[in-house]
Amino acid sequence: MELSSRIKNFWEADAESYSEGIRKELSGPVRDAWVELVLENAPRKEKLDILDVGTGPGFFPAVLTREGHRVTGIDLTENMIARAKKNLEDLNISAELLTMECQDLQFSDNHFDMIICRNLTWTLDNPKKAYAEWRRVLRPGGRMLVFDACWNLHLVNEETAREYKQKIAEIDKKYGEYQGKGHHDPEELEDISRKLFMTDKIRPQWDLETLLRLGFSKVFADVTVGERYAQDERQRAVQALHPPFVVGGEK
C-alpha cells in the first residue's frame, strides 16, 4: 500500500478518539487561549474569510465562527469531516466543511484572508507544494499560521532520541507512566512516521526558508507558543517532548 493511503487510513481510524480530545478542548479554557493566539496574528479585518487546513473534528471552525468570522474547514479524511459536522451541529454552529486534498485546493486564487493549520504539516508528502498552494489562495496581505512540532525527530536523530528517553523517564517518575495520545495503532504510526518527508527536518527553520523561497513577503516563527495553552506542569513537561512552534507568512 502506498504511504499516502496508509496515512489516510490511519487517521480515518483515529477520528473518533481524536474527536474526543477536541471536544474537551471546545469545552475548556484552552479554547480561549487558541482564539487569542490566532486572532492576534490575523489581518486587521472585522470579518475574515479563514481556511482551516486539516480541520480534523472541527476545532477552529467551531471557535472562530463564534467570533464572527467565515470559516471553511477541509480535511482529507471523510471520518474527520463527519465528526466535525457532528461537533458543530451539537454546538449549533454552521461552517463550511469539505473533504479535500490540501496540496490541491479547489479554490480560486486570492480567496482567503487567512489560512490556519494545526498538527498537519508533519504528515504531508510534499509540504513545499502545499505551502505554495496555500499561498496561491491567500489574498494579498493575507496571513498563514502553521502550528506544529518536530513530532518524530527522535526516531531518526540519535541525540534527540537520548533527550527524548530522558524526558520520558522524568515524566514517568514525576507524574506516572506516560501514555502518549492513545492512538489506535502506535506501531503503524511509528512505521509511517519513519518514512515521512518532515521527520528528519529541523523545524521551524526548514519552514521559514521554504516560505521565503516561495515568495512570502514576511515570515516569522515562535518556538515558545506552547506556553500559551499549556494548562499545568505535566502538560508543559509532555510538550517538552515535542516543543510546539508556530510559523507564519504574509503574502
How many residues of the range 11-25 are buried (at least 18 other Cβ atoms within 10 Å of the Cβ) and of a type outside the set (D, E, K, R)? The answer is 5
Scanning the range 205-217 residue by residue, those surrounded by fewer than 18 Cβ atoms within 10 Å (Cβ to Cβ), in contact with a strand residue (DSSP E or B) (Cβ under 6 Å, 6 or more places away or on another chain) and in a loop (DSSP other than H, G, I, E, B) turn out to be Ser217
Ser108 meets each of (1) under 25 Å from Arg143 (Cβ atoms); (2) under 18 Å from the mean Cα position of the chain (by Cα); (3) of a type in the set (Gly, Ala, Ser) with one exception, condition (2)
If you go through Ile192, Ile202, the only one that is surrounded by fewer than 12 Cβ atoms within 10 Å (Cβ to Cβ) and under 18 Å from the mean Cα position of the chain (by Cα) is Ile202
Selection from the range 69-119 of residues within 24 Å of Phe216 (Cα to Cα) and polar (S, T, N, Q) yields Thr72, Gln103, Gln106, Ser108, Asn110, Asn119
Within the range 210-226, the residues that are closer than 22 Å to His154 by Cα and either of a type outside the set (Ser, Thr, Tyr) or touching a Phe, Trp or Tyr at 6+ places or on another chain (Cβ under 8 Å) (or both) are Ala221, Asp222, Val223, Val225, Gly226
Of Asp232, Asp185, Asp207, Asp200, the only residue that is among the acidic types (Asp, Glu), within 30 Å of Asn41 (Cβ to Cβ) and modelled with pLDDT under 90 is Asp232
Of those in the range 64-100 that are within 16 Å of Asp49 (Cα to Cα) and of a type in the set (Gly, Ala, Ser), the residue surrounded by the most Cβ atoms within 10 Å (Cβ to Cβ) is Gly73
Does Val53 fit the bill of being within 18 Å of the chain's Cα centre (by Cα), modelled with pLDDT of 95 or more, closer than 29 Å to Asn126 by Cβ and β-branched (Val, Ile, Thr)? yes
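Given Glu78, Glu96, which one is closer than 22 Å to Gly21 by Cβ and more than 17 Å from the chain's Cα centre (by Cα)?
Details: Glu96 fails: closer than 22 Å to Gly21 by Cβ.
Step by step, each of Glu78, Glu96 is checked, and only Glu78 is closer than 22 Å to Gly21 by Cβ and more than 17 Å from the chain's Cα centre (by Cα).
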Apart from one, (1) touching a residue at least 60 places away in the same chain (Cβ under 8 Å); (2) touching a Leu at 6+ places or on another chain (Cβ under 6 Å); (3) of a type outside the set (Asp, Glu) all hold for Arg194; the odd one out is (1)
Checked the range 122-176 for anything within 19 Å of the chain's Cα centre (by Cα), part of a helix (DSSP H, G or I) and surrounded by fewer than 16 Cβ atoms within 10 Å (Cβ to Cβ); matches are Lys129
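The values are calculated or read from the model by the stated rules, or taken from the named source; none is laboratory data. From a predicted model like this one, the values you see are computed outputs, not experimental measurements. Reconstructed Cβ throughout: ideal geometry from the backbone, glycine too, with neighbour counts over all protein chains shown.
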